[in-house]
Each structure stands twice: as C-alpha cells, then as structure tokens.
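The values are calculated or read from the model by the stated rules, or taken from the named source; none is laboratory data. Quick caveat, the model's predicted, so the values are computed rather than measured. Here Cβ is always computed from backbone atoms with ideal geometry, including for glycine, and neighbour counts include all displayed protein chains. SASA here: full protein model, heavy atoms, side chains in, ligands and nucleic acids out. Shrake-Rupley method; radii C 1.70, N 1.55, O 1.52, S 1.80 Å.
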Amino acid sequence: MEQVKSTSYPKEKISILLLENISDAAVAEFTTAGYSVRKLTGALSEADLINEIKDVHLLGIRSKTQVTRKVLEAAKKLQAIGCFCIGTNQVDLKAATEQGVAVFNAPYSNTRSVAELVIGLSIVLIRRIVDKNAAAHNGVWMKEAKGSYELRGKTLGIVGYGNIGSQVSVLAENMGMNVMYYDAETKLPLGNAVQQRSLKELFEQADIISLHVPSNRSTEMMINRETLSYVKKGAIFLNYARGEVVDLEALKESLESGQLSGAAVDVFPVEPEKNGAAFSTPLQKLSNVILTPHIGGSTEEAQHNIGLDVSAKLLNYLEKGASFGSHTVPAISVPPIENTHRILHVHQNVPGVLSAINTALSENKINILGQYLKTNDQIGYVVLDVDRQLSQEALALLKEVKHTIKARLLY
Ligand SMILES: NC(=O)c1ccc[n+]([C@@H]2O[C@H](COP(=O)([O-])OP(=O)(O)OC[C@H]3O[C@@H](n4cnc5c(N)ncnc54)[C@H](O)[C@@H]3O)[C@@H](O)[C@H]2O)c1
C-alpha cells in the first residue's frame, strides 16, 4: 500500500475556495482528507476574485469564472486551480505557467455519457422516430415499417478511436453491430472492431457514421462535400465531437439529396454562450435530423465524476507534488518514498537552476535521495526527495535561487 505522509504545512491553514456550485462529491473528497472548504454557488467577477484569492491555496471553478493574469498576479499563495469541467479556456494558462500554478481539469469524465447517447440516437434515427414523433405531436398517425431498421447487423463507422470512440465501439458491438474505425494513429481495436486505412474506405462501408475526433488543424472541415460523397446512400451521420469538423452546408445538401437519411448534431462552429439565446444552423427543419445544444456529456453522473477526478488531482498535487494532468506545471508523478522528505521547486526554464538548488542543499548538508525534473517551454518542475527535513533557513535559501518561481516543503 502506498505510504501516506502527513504534510508539513498544517491542513487547517490550507485555504480551499470552490466557486460555481461545484459538486458535493468534490467537497466530500476534501473534507474526508481533513481540509475545510469554502463553497460559493456563483462565479465571481474579476474584481471580486482578486479580493478573495489572496490567501487561497486551491481554487476550484467551472466554466464561468475567468482566471485572468490580474487574478493570478494577486494569488500569492495559489498552488493549483481545478477546472471542474472539460475545458481550461477560462484560465490564462500562460500566466498560470509563469506563476507556477498547476491547472487541472477532467477531460474524460463524460466519456460514457456521450457514448450512450450516440447509441440511443442511432436507434432513434435508424427507426425514423424523429418525424413520427413530430407527426404524432401534430395529431397525425404515421404507422409504417418502411425505412425503419434495427441496429443489429449494421456497420458503425467511427471517426477517431480515442476515449469516446472506443467506448462507442464496445457498446455498439454489444448491440450486435459491426464496428469499423478510422484514426490518424494506429489504434488497438477493442472487440472485433476493424481499423480502416482511410476515411473513404470507412465511409464506403458504414451504415452509421459517428465522429469522435478533436478539433484541430487536421480535422477542421474534414467532413465536406468530397468526404460526404463517399458515404453509402441512406447512411446516418452523428457529430457529437466538435462543430469545426463539419461543413454544415455540405451536410445539409447531403441530407436534402437523400445521400444521408438522417443526422444528429450536438456541436456547432458557433454556439450561443447563454441558455435562451437565439441559435441558428443550416440544419434546422430538415427531416430526420436531431439537433441538441452541446449536451452530449451533460449528465449528473458526469458532474459527479468530474468532482471526483479534479479533487483527486488537486489533492495529489497538494500532498504529493504529483502534477500529472496539469496543463501548466510539467507532469511528474512520483509516489512518496519512505524515510524521505520532499521539496517541490518550480522555476523558469533556464540553464543552471538545478545545480544552484543542489548547491543550496549541499551547503545545508542535506543529501538528495531522489531528484525528478521535467520542463516545458517556460518552466521547470523539480521534485526532490532528501534525507532530512529542510530547515526554514534552507527553504529560504532555495527560494533565493535565481529564477525560482515557487518552492514548497511538502513533508
Ligand atoms: N458533445 C459533447 O458534449 C462532448 C463531450 C465530450 C467530448 N466531446 C468531444 O468528443 C471528441 C472526442 O473526445 P475524446 O475524449 O474521445 O478524445 P480523444 O483525444 O480521446 O480521442 C480522439 C481521437 O481522434 C484521433 N484523431 C485526431 N486527429 C485525427 C484525424 N485528423 N483523423 C482521424 N483521427 C484523428 C486521435 O488519434 C484520437 O484517437 C472531442 O472533440 C471532444 O471535444 C464532445
């Protein structure tokens, strides 16, 4: 079992501020670990956050709180920010890196929510429920079997076989589907899924196509007139990935011509910021098309998992110096080692810092038992395991090392 060390800094002095009504699952993780938490239901403005953040060691936010450079400059004690959501756009990552503040999020906590919905919508589309449902609401009886199919035996073509794509693959095989996928990388198939060498090969065989690629230069508009011309007549198309991946005009044409017989789209190149705001897309009012407001991953379970995931990352960083998953501090994950004391040092990534740290320690007759360094373009992060507890004088010396951003005595 992994040894649990007690931290040098008293837990009651650690200030944890959670904004935007972060899940109680996260609060429970912190309180079980012996910390007290201040939880606010709303987001804070920049000015209010600057006031509140001065003594905060850990900050938890969701997507509404903007953590700007000014906020970070006021956050003298801040060790880490937990974004209890999927993205980290709301944090000035460059400024956070410069300040040596670790930034964590939960990119994969809603994987299952998306995967389940893709399967559910595939059934709804292949059975042509959308139009029958609309007709029934309008007082029209539309009972017919023509054009309605089972999923069993159909071929699902997955574009992007990552976390979500591979989960969809497993669920689809359990529904009796044949699964094929196209990915930029060679990916080990789960179950009987078969990787295809090109999007063309995949589209030519798939009855249902589902996108699960990220938004980047290689995927921008990857679904366009040309790629859509490869699809089987009557195929169904789902985009629960990112809006920039699809040319919506080309998708509309394909649906209107009957090349595609249905589609479900959750993500759009431009999405309204607020609930209730006007929204328009070329796909509105098309037959057998389901439009949803970017809710593929929005479930209670995903929120709960996000709470557990991000609080675990924050606690691991606070108590062990483990920065794995951070977008700013380079990733190091070393379990605590018996009979050692741990020091964490974040510095600007320039030559000579490590030897200056070692000199400061040897001058204090402190033996280094383990030393782990990782750097990125801007900063370096060192986890040092030493044989004696660092005195306050030695810690002060380390803080004086040129180019130091932060130094922390962990235990
Ligand atoms: N609708 C929602 O609410 C929602 C929720 C969660 C995730 N998402 C989106 O779903 C997508 C997939 O998420 P994930 O967690 O599975 O990501 P992931 O990083 O685990 O997987 C992405 C896969 O796409 C592959 N890929 C990248 N570029 C490619 C290219 N040009 N051609 C083919 N394959 C390529 C990668 O190799 C990887 O296997 C992302 O765009 C994510 O933002 C949407």
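Straight-line reach from Lys143: which aspartates and glutamates fall under 20 Å, measuring Cα to Cα and dropping same-chain residues less than 8 apart? Lys143 reaches Asp131.
Note on the chain: GNM, Cα springs under 10 Å; of Gln392, Gln303, Gln348, the largest mean-square fluctuation is that of Gln392. Over the chain, Cα pairs under 8 Å with separation of 6+ residues give a relative contact order of 15 percent.
Annotation: Met175 carries an accessible surface of approximately 80 Å², with a 1.4 Å probe and no ligand, DNA or RNA atoms counted.
Computed 3J(HN,Hα) for segment 376-387, one whole-Hz value per residue from the Karplus formula 6.51 cos²θ - 1.76 cosθ + 1.60 where θ = phi - 60°, is 10, 4, 9, 9, x, 10, 10, 10, 10, 9, 10, 8, glycine and proline marked x. Taking amide H as placed 1.01 Å from N in the peptide plane, Ala264 has its amide H under 5 Å from the amide H of Phe237, Leu238, Asn239, Ile290, each at least 5 places away in sequence or on another chain. Lys54: which aspartates and glutamates have alpha carbons under 19 Å from its alpha carbon, excluding same-chain residues fewer than 8 sequence positions away? Leaving aside aspartates and glutamates fewer than 8 places away in the same chain, those within reach of Lys54 are Glu12, Glu20, Glu46, Glu73, Asp92, Glu98. Taking amide H positions as modeled 1.01 Å from N, with prolines and chain starts lacking one, the residues under 5 Å from Gln371 and 5 or more places away or on another chain are Asp385. Look at the alpha carbon pairs under 8 Å that are at least 6 residues apart: their mean separation over the length of segment 332-411 gives a relative contact order of 45 percent. Springs between Cα atoms under 10 Å define the GNM used for the chain, and in it the highest mean-square fluctuation of Asn275, Asn21, Asn178 occurs at Asn275. The 1.4 Å probe gives accessible areas that order Asp247, Asp387, largest first, as Asp387, Asp247. The share of accessible area on the chain that comes from carbon and sulfur is 51 percent, using a 1.4 angstrom probe. Of Val118, Leu188, Ile337, which is farthest along the charge dipole of the chain in the positive direction, counting Lys and Arg as +1 and Asp and Glu as -1 at C-beta? With unit charges placed on the Cβ atoms, the residue in question is Ile337.
Placing unit charges on the Cβ atoms only, positive for Lys and Arg and negative for Asp and Glu, gives the chain a dipole magnitude near 180 debye about its Cα centre.
Restricting the GluC sites (Glu not before Pro) of segment 222-276 to loop positions (DSSP other than H, G, I, E, B) with no more than 11 neighbouring Cβ atoms within 10 Å leaves Glu273.
The mean accessible area for residues of segment 102-225, using a 1.4 Å probe and ignoring ligands and nucleic acids, is 53 Å² per residue. Here the Karplus curve 6.51 cos²θ - 1.76 cosθ + 1.60, taken at θ = phi - 60°, turns the phi angles of segment 59-71 into couplings of 10, x, 9, 10, 8, 8, 6, 8, 9, 8, 4, 4, 4 Hz, with x standing for Gly and Pro. Here is the list for segment 163-208: trypsin sites (Lys or Arg not before Pro) lying in DSSP coil, each with at most 13 other C-beta atoms within 10 angstrom of its C-beta, are Arg197.
Under 1.5 on a/c is rounded, so check that first for the chain, then, if it is not, pick prolate when a/b is larger than b/c and oblate when it is not; a ≥ b ≥ c are the square roots of the alpha carbon gyration tensor eigenvalues. The shape class here is prolate. Between Glu201, Glu144, Glu52, the GNM of the chain built on Cα springs shorter than 10 angstrom shows Glu144 fluctuating the most. Out of the trypsin sites (Lys or Arg not before Pro) in segment 88-178, which ones are loop residues according to DSSP with at most 11 other C-beta atoms within 10 Å? Qualifying residues, ordered by number: Lys143, Lys146, Arg152. Taken over the alpha carbons of segment 332-411 as equal point scatterers, the Debye sum produces base-10 log I(q)/I(0) values at 0.13, 0.14, 0.17, 0.18 Å⁻¹ of -0.34, -0.39, -0.58, -0.66.
To the nearest 10, the accessible area of Glu12 is 150 Å² with a 1.4 Å probe. Per-residue Karplus couplings for segment 152-162, computed as 6.51 cos²θ - 1.76 cosθ + 1.60 with θ equal to phi - 60°, are listed in order as 3, x, 7, 9, 9, x, 9, 9, x, 9, x Hz, Gly and Pro entered as x. With the whole protein complex present, Thr292 retains an accessible surface near 30 Å², based on a 1.4 Å probe. Under the shape rule built on the C-alpha gyration tensor, where the axes satisfy a ≥ b ≥ c, segment 111-291 is oblate, since a/c reaches at least 1.5 while a/b does not exceed b/c.
For the residue pairs Lys154/Lys232; Lys94/Lys274; Lys64/Lys374; Lys76/Lys320; Lys39/Lys64; Lys320/Lys406, the C-alpha atoms sit more than 24 angstrom apart in Lys94/Lys274; Lys64/Lys374. For Ser15, the residues 5 or more places off, or on other chains, whose built amide H falls under 5 Å of its own are His57, Leu58.
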